[in-house]
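Below: the structure, in structure tokens.
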Amino acid sequence: MKKITHCYSLTPEWQSEFAKKLNAELIDNKIIKLPESIGKGHSYFTQIIPGISVLFIDFTLKTPLKITRLKSDKQLYIFHFDLSEHVNLIKINNKDYEIGSYDKLDLAIIDNELESSFKPAVNERTIAIRLLVDKKLLNDFTIMHSKKVEPKQKNRGIKDFFYHYGNIDSNSILLIQSIKDKPINSISFEPLLKGVSLKLLGNFFNKFYDLNPVNNDITKVELEAINKTKEYLLNHLYGSFPSVIFLASMAGMSESKYKILFRKCFDSTPNNFFIAEKMKLAKELLQSGKFTSLTDVIYELNYTKLSYFSTKYYEIFQIKPSEDFVKKHSSKI
Amino acid sequence: MKTIQHSYGADLSWIADFTNQFGGKIEGNFIIIPEELQTGTRYFLDCGEGIIAYYINVVYNKDFRFIQKNLDNNFVGIYYNLTEGEATVNSNSILYDVGRWRYNLSIIDGSLESDYNVKKGSRTFALCIFIKKTMLEEFLKKNNIHFHNIEKIANPSLNTIVRFERMSSESYHILNDLRKLEVGGPVFNLNLIGTVQMLLSNCLKKFSTERIIIQTVNSSDLTSIIAVQMFLIEHIEDQFPSIVLLAQMANMSESKFKNLFRKVTGLTPNNFFMSNKLLRAKELLEKKQLSISQVSDQLSFTNNSYFASKFKEQFGIPPKIFVKQL
């Protein structure tokens with residue numbers, strides 16, 4: 001196996017040494033073309049804006065190759081987006097990670113102060129985009145955002161050493177897919193690569209610090225259906241509980257799905273929700289002074305046993321119904 | 001009608017004067033303008049490399065006339081204009097209708113005066129890119145492009161550039177993606193610069209292949225083709241209406257229709273329809289309100305597997321994985 005070591009910088013200088021070690025041809029300080037003996041393909045490096053550079057990799061290896069990036073004191077983060085349709089290996093801190101292909105994890109963020117090595121699979125097309133981002137710049141982004149909201153991610157924050165390992169979001173995959181087959185020599189390639197890279201970062205931050213996490217578990221249609229059943233319950237408080245089977249069919253769902261979603265929306269079961277609402281109504285009726293006895297009230301609410309009603313009432317309000325009861329003055333009749 | 005005489009440029013010096021004329025103020029990168037004149041967002045950003053991006057997403061509450069007289073003529077303005085409503089540009093004493101369904105991409109030399117009229121109630125979404133000519137020239141040279149009027153671009157005393165075109169649907173969707181984002185903040189800036197670069201990439205691709213199509217199509221034919229395009233977009237959820245019907249709509253023979261449609265949009269009618277349909281599908285999936293099969297049904301695909309295979313053909317990943325990783 002051929003082993004190569006190198007280190008990155010935001011400017012294109014690092015490439016000449018790297019190309020020499022590989023016996024590869026360096027064109028325009030941008031494109032490194034692999035020699036036939038190693039494989040077929042190229043990489044493309046360019047600076048986008050001050051503090052952000054991109055390296056686009058697209059090659060098929062013939063012989064195994066291990067590219068080790070030495071740690072350096074340059075303050076960089078490396079975002080590695082891998083869209084190969086097979087598995088490559090990345091070694092960070094002596095631990096191997098599989099990376100590549102969209103059903104595996106395909107995004108790695110590595111601190112430049114950690115050594116890592118990249119072992120692409122042989123005889124498969126390897127496609128990856130590596131963004132080199134100045135830490136200062138990244139701190140700007142994270143600071144701007146953390147003012148609004150605490151980062152909810154599980155990575156080790158802005159500590160000195162960190163790495164993160166996860167999935168690329170779908171829109172970013174589409175972006176990389178769209179650049180995959182563009183000819184590298186054409187005039188439109190460089191701006192496209194720059195554009196794609198910046199949007200990748202943009203997507204990443206948007207996802208990372210999602211400012212308004214939307215409740216994606218419940219779709220609008222389902223929410224409407226649940227609300228419809230809730231309205232039904234509220235309009236029929238005088239009756240008895242209509243049964244989950246009935247409510248689920250009203251919402252057009254299975255009973256189990258209905259119960260799960262109902263809990264998500266109102267943090268209660270349909271029956272408990274119904275009873276709680278009913279008791280609130282009972283309290284109003286009790287205090288209204290329009291009834292002569294407790295039994296009248298409970299008949300009004302379709303209860304048959306006073307003892308059952310009293311227990312439930314006490315459970316909810318921690319007070320006996322008789323204490324809340326305001327009796328109707330017979331003199332008014 | 002409110003008349004505003006202003007300049008643009010590939011630096012930020014024009015902004016203060018422009019804002020004053022509206023009686024507005026500058027807040028960060030936003031230009032705030034009184035509500036009675038217009039509602040919405042105007043945002044500018046220096047993208048580096050001599051490129052300024054100017055983002056407009058507004059509704060005009062008055063008739064407006066913008067007279068552009070530039071102090072500097074060392075730049076080229078590229079205007080992506082998706083106005084829904086009435087807007088015209090008068091440049092070199094020729095009047096062009098601009099907006100989403102008309103000429104929505106104009107490239108105008110900074111040395112030219114132009115006169116932009118927009119009617120009350122128009123909803124404008126536009127992205128203007130101002131790029132220094134020297135940058136453009138360097139860029140083209142760097143990339144070894146033989147571009148036969150390169151000297152003309154570099155030398156303002158010689159001929160100037162004016163082009164009125166229709167953007168590719170790719171560019172349209174890039175803009176649409178930008179429109180979905182909340183304006184402001186460093187992450188939006190990244191996206192904005194990214195968008196500008198991608199649009200430039202498309203624009204240069206067009207330059208380098210040098211396909212000036214519109215000019216070779218006569219205007220009444222062009223209007224019919226665009227009408228058909230609008231019809232297809234409006235009925236994007238139905239099945240493809242057949243070439244025969246579309247050709248009838250455009251009052252052309254089928255072969256003429258197919259040829260012209262391809263010239264104008266760069267795609268065959270069916271491909272145009274399908275790719276827009278799939279983009280719509282992608283948007284629906286992104287909203288997470290509908291399942292894959294519901295989307296497939298809503299967009300009149302005959303079955304899910306056909307939908308999935310088409311989706312994969314266009315975007316490179318199957319819809320299931322797309323949804324999973326959103």
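Only the coordinates and a few stated rules stand behind these numbers; no lab work does. Predicted model, so just to flag it, every value in this text is computed and none were measured. Counting neighbours? That spans all protein chains shown, and the Cβs are built from the backbone with ideal geometry, glycine included.
Here A:K312 is the anchor, and the aspartates and glutamates within straight C-alpha reach of less than 18 Å, apart from those fewer than 8 places off in the same chain, are A:E277, A:E284, A:D296, A:E300, A:E323, A:D324. With contributions of -39500 (n - 2.57) from each DSSP H run of at least four residues, the per-residue ellipticity at 222 nm computed over chain B stands at -13000 deg cm²/dmol. Please build a GNM for chain A, connecting alpha carbons under 10 Å apart, and tell me which residue among A:E124, A:E113, A:E255 fluctuates the most. Comparing A:E124, A:E113, A:E255 in the GNM, the peak value goes to A:E255.
Pairwise Cα distances in the protein assembly as shown exceed 50 Å in 28 percent of cases.
Which of A:K207/B:K132; A:K40/B:K288; A:K230/A:K320; A:K257/B:K324; A:K91/B:K288 have a Cα-Cα distance over 31 Å? Violating the 31 Å limit, Cα to Cα: A:K207/B:K132; A:K40/B:K288; A:K91/B:K288. Residue by residue along B:172-179, Cβ atoms of other protein chains within 10 Å of the local Cβ number 1 on average. Rounded, prolate or oblate, given the Cα gyration tensor of the range A:26-75, with a/c below 1.5 counting as rounded? Note, shape of the range A:26-75 comes out oblate. Think of the range A:163-321 as having a plus end and a minus end, set by charges on the Cβ of Lys, Arg, Asp and Glu; of A:S307, A:S249, A:S268, A:S307 sits farthest toward the positive end of this dipole.
Which of these, A:N171, A:N271, A:N112, has the largest mean-square fluctuation under a Gaussian network model of chain A (Cα springs below 10 Å)? Top of the fluctuation ranking is A:N271. Helix screen, chain A: DSSP H segments with Cα axial length of 18 Å or more and mean Kyte-Doolittle hydropathy at least 0.0 are A:189-208.
Rounded to the nearest 5, the antiparallel percentage of DSSP beta bridges internal to the protein assembly as shown is 90%. Relative to the dominant Cα principal axis of chain B, helix B:133-142 is inclined by about 50°. The equivalent ellipsoid of chain B has semi-axes of 34, 24, 21 Å, largest first, where each one is the square root of 5 times an eigenvalue of the Cα gyration tensor. Counting Cβ atoms of other protein chains within 10 Å of each Cβ in A:179-189 and taking the mean gives 4. Separation of the range B:65-101 and the range B:238-313, taken as the distance between their Cα centroids, equals 32 angstrom. Shape of the range B:173-309 from the C-alpha gyration tensor: oblate (a/c of 1.5 or more and a/b not above b/c, with a ≥ b ≥ c the square roots of its eigenvalues). Inter-chain Cβ neighbour count for B:284-290, averaged per residue, equals 3 (cutoff 10 Å, partner chain atoms only). Could you give the size of the charge dipole of chain A about its Cα centre, using +1 on the Cβ of each K and R and -1 on the Cβ of each D and E, expressed in debye and rounded to the nearest 20? My answer is approximately 420 debye.
Dividing the summed helix terms, -39500 (n - 2.57) for each DSSP H run of n ≥ 4, by the number of residues in chain A produces a 222 nm estimate of -12500 deg cm²/dmol to the nearest 500. Rounded to the nearest 20 debye, the dipole size of the protein assembly as shown about its Cα centre is 1140 debye, using +1 on the Cβ of Lys and Arg and -1 on the Cβ of Asp and Glu. For chain B, the longest principal axis of the Cα atoms and the long axis of helix B:219-234 meet at an angle of about 60 degrees.
In chain B, the longest principal axis of the Cα atoms and the axis of helix B:169-179 are about 70 degrees apart. Of the residues A:L55, A:L65, A:L301, the one that moves most in a GNM of chain A with alpha-carbon contacts below 10 Å is A:L301.
Put simply, the convex hull of the Cα atoms in chain A casts, on average, a shadow of 25.2 nm².
By the gyration tensor of its Cα atoms, with a ≥ b ≥ c the square roots of the eigenvalues, what is the shape of the range B:30-71: rounded for a/c under 1.5, prolate for a/b over b/c, or oblate? Because a/c hits 1.5 or more and a/b fails to exceed b/c, the range B:30-71 counts as oblate.
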